[in-house]
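Heads up, the thing below is written out as structure tokens.
Coordinate-derived values only; no laboratory data. Computed from a predicted model, the values in this text were never measured in an experiment. Cβ sites come from the backbone with ideal geometry, for glycine too, and all protein chains shown count toward neighbours.
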């Protein structure tokens, strides 16, 4: 039974995972409303809110019937904001010390990579190993505000990075695009909402595909293209074309992600395709990656909405499923790594 803490950025989260039944409890405090006032995450505010909210969340976890059966504590060790990671690390260390339990450090990106399998485990915990075996090798697309990564998971369950973004992440491009259009924070959901009423072919934005066969992503040119487009329009023109701008901009992001994923699927015999990270909630992206998986004859696995953003459920799950790559701490030792890689 694993108790997990997550505080890599602006979500304070605690969860308990039971390998025999799945996630038995999740408690989270979102800071979106606070950071929306500033148009993005403010590290000092995020750190303060983690300090303020871990206590109450842990109190709720202690009320769970599973609390007394916890045998291990897991915590996000990176990547993320250093001060935020330190708060989560201190909270996890305190509980581990008080309960005399082992402490495990989990790579946040690897937890995202495993998150599409949480629902598969919940369907049949006892048969998870056999079910997973049938889905390997696996191709994963991790899309968040800070990362855009294609990776593979082989039969040995080892995760190997195939490609990443050379500049901006897809989520960052959506957030910055929303800021340029003046439609609020977080940008991704705002763009998606307005795009529902627009034409995706109304404006021609670059896809950042790069050289033929190149699987790396690039979104800085797309963001620059939107800025020049908006600067060439009057305020009234932007307002009147907002839905079309959002639909076309979103389509450019989705096209780039889908094209690279489809190309990667031609290079190996993958049995499944996973989609994870905060941007994985985008319905257009889910449909597009799902279609690419279907054309390749692979099963599509998307992380559940509650496990796409920063959450402790995936940290607890990864501490169990990804044990070979988790870091074990002893005594007073704990080491966070803000720049950790997949």
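Sort out which residues of the stretch 98-127 are assigned to a helix (DSSP H, G or I), surrounded by fewer than 22 Cβ atoms within 10 Å (Cβ to Cβ) and in contact (Cβ under 8 Å) with a residue 60 or more places away in the chain, and write them in order of number.
Those that are assigned to a helix (DSSP H, G or I), surrounded by fewer than 22 Cβ atoms within 10 Å (Cβ to Cβ) and in contact (Cβ under 8 Å) with a residue 60 or more places away in the chain: 119, 120, 122, 125, 126.
Note on the stretch 176-206: residues that are assigned to a helix (DSSP H, G or I) and farther than 17 Å from residue 251 by Cβ amount to 1.
Give 155, 160 a once-over and let me know the one that is under 20 Å from the mean Cα position of the chain (by Cα), without any contact (Cβ under 8 Å) to a residue 40 or more places away in the chain and loosely packed, with under 15 Cβ neighbours inside 10 Å.
Matching residue, one of 155, 160: 160.
Counting residues in the stretch 322-336 that are touching a residue at least 24 places away in the same chain (Cβ under 8 Å), surrounded by 22 or more Cβ atoms within 10 Å (Cβ to Cβ), in contact with a helix residue (DSSP H, G or I) (Cβ under 7 Å, 6 or more places away or on another chain) and closer than 19 Å to residue 158 by Cβ gives zero. Scanning the stretch 302-321 for residues being in contact with a strand residue (DSSP E or B) (Cβ under 9 Å, 6 or more places away or on another chain) and surrounded by fewer than 22 Cβ atoms within 10 Å (Cβ to Cβ) gives a total of 2. Counting the residues of the stretch 260-281 that are crowded, with 18+ Cβ neighbours inside 10 Å and under 21 Å from residue 216 (Cβ atoms) gives 13. When residue 89 is tested against (1) in contact with a helix residue (DSSP H, G or I) (Cβ under 9 Å, 6 or more places away or on another chain); (2) buried (at least 22 other Cβ atoms within 10 Å of the Cβ), only condition (1) is not met. Do we find that residue 171 is part of a strand (DSSP E or B), under 25 Å from residue 294 (Cα atoms) and in contact (Cβ under 8 Å) with a residue 40 or more places away in the chain in this structure? Against the criterion (part of a strand (DSSP E or B), under 25 Å from residue 294 (Cα atoms) and in contact (Cβ under 8 Å) with a residue 40 or more places away in the chain), residue 171 does not qualify. Here is the figure for the stretch 259-275: residues that are assigned to a helix (DSSP H, G or I) and in contact with a strand residue (DSSP E or B) (Cβ under 9 Å, 6 or more places away or on another chain) total 4. Between 236, 247, the distinction of being over 20 Å from the mean Cα position of the chain (by Cα), surrounded by 22 or more Cβ atoms within 10 Å (Cβ to Cβ), part of a helix (DSSP H, G or I) and free of Cβ contacts under 8 Å to residues at least 60 places away in the same chain belongs to 247 only. So is residue 293 part of a loop (DSSP other than H, G, I, E, B), closer than 17 Å to residue 153 by Cα and touching a strand residue (DSSP E or B) at 6+ places or on another chain (Cβ under 8 Å) or not? No: the conditions fail for residue 293.
Would you say residue 68 is without any contact (Cβ under 8 Å) to a residue 24 or more places away in the chain and part of a helix (DSSP H, G or I)? Here the answer is yes, as residue 68 does meet what is asked. Residue 60 meets the conditions (1) surrounded by fewer than 17 Cβ atoms within 10 Å (Cβ to Cβ); (2) part of a loop (DSSP other than H, G, I, E, B); (3) in contact with a strand residue (DSSP E or B) (Cβ under 6 Å, 6 or more places away or on another chain) in every case but one. The failed one is (2).
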